[in-house]
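**Q** Take this structure, written in structure tokens, and hold onto it; I'll ask about it next.
The values are calculated or read from the model by the stated rules, or taken from the named source; none is laboratory data. These numbers come from a predicted model, not from an experiment. Cβ placement follows ideal geometry from the backbone for every residue including glycine, while neighbour counts extend to all protein chains displayed. Surface areas here come from the heavy atoms of the whole protein model, side chains and all, with no ligands, DNA or RNA. Shrake-Rupley method; radii C 1.70, N 1.55, O 1.52, S 1.80 Å.
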Amino acid sequence: MQMTIRFIYDFKGVKTAFTSDPTDRQLVLKTADDLLKTGRVKEIAVIDELGQEWTLKEFKKLNEQLDEEPEKITVLFDGGFDVESNRAGVGTAIYYSKGGKRYRLRENAHFDGLESNNESEYAALYFAMQKLEELGVKGQPVTITGDSLTVLNQLGGDWPCYEESHARFLARIEEKFAAMRIKPLYKPVDRRHNKEADQLARQALLGTAISSHTEIGT
């Protein structure tokens, strides 16, 4: 997670407020310590990407907690729909960091009772949100990547949502965002750059279940 440092610099009684550019969470304490060594910095506040603010003392405790929680999260999702069987396959790949290590979760599932490919895309993202919840993700920005412009633009508020089936999933996804305090960052890509999630959705349609959770490095 990126953090912003705000501080008051006191030079011969003249106090000036400064705000840093967003910086990686791991650099905040080192930067703050360096500022304090000048003897002229009297107040330091740390602000996260969601606008929450902490004193330096509060941030030190928070920083320890965040080391044990998922962060730097990217979600890839895709859905597929078979018209003849009215079955849908959904897939998600989730990349995240925790404790200085990088992980990948890959999972898929099939759904019955859906009506269209667009609805299967919504189901895929809702499925991904359930996986984030299981991972314990909370209070984090999450990059959401997919090739469905319908889903991403309707969730982002750029396109209206008239279909009742879409609206139901949209409401459920937004409820997850609110409950988990997630800040979604939508990143549309073309199908060529969403192959991992697409393959998982196709495998679900074929009846091949995938569930893996592995460390992939730092």
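**Q** If you check every pair at least six apart or on different chains, which have Cβ atoms under 8 Å apart with a residue in region 105-124 that is in contact (Cβ under 8 Å) with a residue 12 or more places away in the chain and within 12 Å of F169 (Cβ to Cβ) first and a residue that is in a helix (DSSP H, G or I) and of a type in the set (V, I, T) second?
**A** Matching pairs, first to second residue: N118/T150; N118/V151; E121/T150; E121/V151; Y122/V151; Y122/I173.
**Q** Look at region 1-34 and say how many of its residues are over 27 Å from G99 (Cβ atoms) and surrounded by 13 or more Cβ atoms within 10 Å (Cβ to Cβ).
**A** Looking only at that region, the number is 5.
**Q** I've got another one for you. Suppose the filter is within 13 Å of the chain's Cα centre (by Cα), crowded, with 16+ Cβ neighbours inside 10 Å and in contact (Cβ under 8 Å) with a residue 24 or more places away in the chain; does V151 pass it?
**A** no
**Q** A further question on this structure: Return yes or no: is R106 basic (K, R) and under 22 Å from L205 (Cβ atoms)?
**A** yes
**Q** Within region 91-101, does at least one residue satisfy the condition of being over 18 Å from the mean Cα position of the chain (by Cα) and buried (at least 21 other Cβ atoms within 10 Å of the Cβ)?
**A** No, because not a single residue in region 91-101 is over 18 Å from the mean Cα position of the chain (by Cα) and buried (at least 21 other Cβ atoms within 10 Å of the Cβ).
**Q** Can you confirm whether E133 is acidic (D, E), under 13 Å from the mean Cα position of the chain (by Cα) and either surrounded by fewer than 20 Cβ atoms within 10 Å (Cβ to Cβ) or part of a helix (DSSP H, G or I) (or both)?
**A** Answer is yes for this residue.
**Q** So which residues in region 154-178 are farther than 20 Å from L76 by Cβ and either touching a residue at least 40 places away in the same chain (Cβ under 8 Å) or among the β-branched types (V, I, T) (or both)?
**A** Residues satisfying the conditions are E163, S165, H166.
**Q** Mind telling me which of the residues G91, G139 ends up being out of contact with any strand residue (DSSP E or B) (no Cβ under 7 Å at 6 or more places or on another chain), not hydroxyl-bearing (S, T, Y) and not in a helix (DSSP H, G or I)?
**A** After applying the criteria, what remains is G139.
**Q** Give me the residue from region 180-208 that is among the aliphatic types (A, V, I, L, M) and out of contact with any helix residue (DSSP H, G or I) (no Cβ under 8 Å at 6 or more places or on another chain) and, out of that set, most open to solvent (accessible area, probe 1.4 Å).
**A** Residue satisfying both the conditions and the ranking: L206.
**Q** Residues of region 147-202 being more than 18 Å from S116 (Cα to Cα) and among the polar types (S, T, N, Q), which ones?
**A** Across region 147-202, the qualifying residues are N194, Q199.
**Q** Exactly one condition in (1) open to solvent by less than 10 Å² (accessible area, probe 1.4 Å); (2) within 15 Å of M1 (Cβ to Cβ); (3) in contact (Cβ under 8 Å) with a residue 60 or more places away in the chain is not met by G79; state its number.
**A** Answer for G79: the failing condition is (2).
**Q** Kindly indicate whether any position in region 115-126 is over 27 Å from L66 (Cβ atoms) and in a loop (DSSP other than H, G, I, E, B).
**A** yes
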